[in-house]
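To start, the structure under review is shown below, and the notes come after it.
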Amino acid sequence: MEILWASPQPLKPAVVQQTLKNKYAYTTVMTVLNRLNNKKIVNRRVKGKAYYYSPCLKKEEFVRSCLQDLFARLKLSYGSVFIKEAVDYLLRL
């Protein structure tokens, strides 16, 4: 995701792979990008015969969304215990 967030334009999987210094196989990069697209974390656009990927949300928006979801689920499961522990933890930072 950091690579996609850093880019001003959508990227082809090969560019993502190269940016990762070919540390991962092209098929692995494609699989991850496809899964992120299926989860609506990245957008996929077709230009000619190639797919281009870009983030659905800015980094800050993505983090906010993840934290809101996490906090909502923890509050639902643990109620006031979660609130107290979260506040105590944040005060210690």
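See the values below:
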{"read-out": "Filtered residues of the stretch 49-86 (kept if over 30 Å from ASN34 (Cβ atoms), out of contact with any Asp or Glu (no Cβ under 9 Å at 6 or more places or on another chain) and open to solvent by 70 Å² or more (accessible area, probe 1.4 Å))", "value": "LYS75, LEU76, SER77, SER80, VAL81, ILE83, LYS84, GLU85"}
{"read-out": "Tabulated pairs, the stretch 46-63, first touching a residue at least 24 places away in the same chain (Cβ under 8 Å) and polar (S, T, N, Q), second assigned to a strand (DSSP E or B) and open to solvent by 70 Å² or more (accessible area, probe 1.4 Å), C-beta under 8 angstrom, 6+ apart or interchain", "value": "SER54/ARG45"}
{"read-out": "Selection within the stretch 21-41 - open to solvent by less than 90 Å² (accessible area, probe 1.4 Å) and out of contact with any Pro (no Cβ under 8 Å at 6 or more places or on another chain)", "value": "ALA25, THR28, THR31, VAL32, ASN34, LEU36, ASN37"}
{"read-out": "Residue check, GLN18 touching a strand residue (DSSP E or B) at 6+ places or on another chain (Cβ under 8 Å), open to solvent by 90 Å² or more (accessible area, probe 1.4 Å) and polar (S, T, N, Q)", "value": "no"}
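The values are calculated or read from the model by the stated rules, or taken from the named source; none is laboratory data. Fair warning: this is a prediction, and the values are worked out from it, not measured in the lab. With ideal geometry, Cβ positions are generated from the backbone for all residues, glycine too; neighbour counts draw on all protein chains shown. We work out accessible area using only protein heavy atoms, side chains counted, and drop any ligands, DNA or RNA first. Shrake-Rupley method; radii C 1.70, N 1.55, O 1.52, S 1.80 Å.
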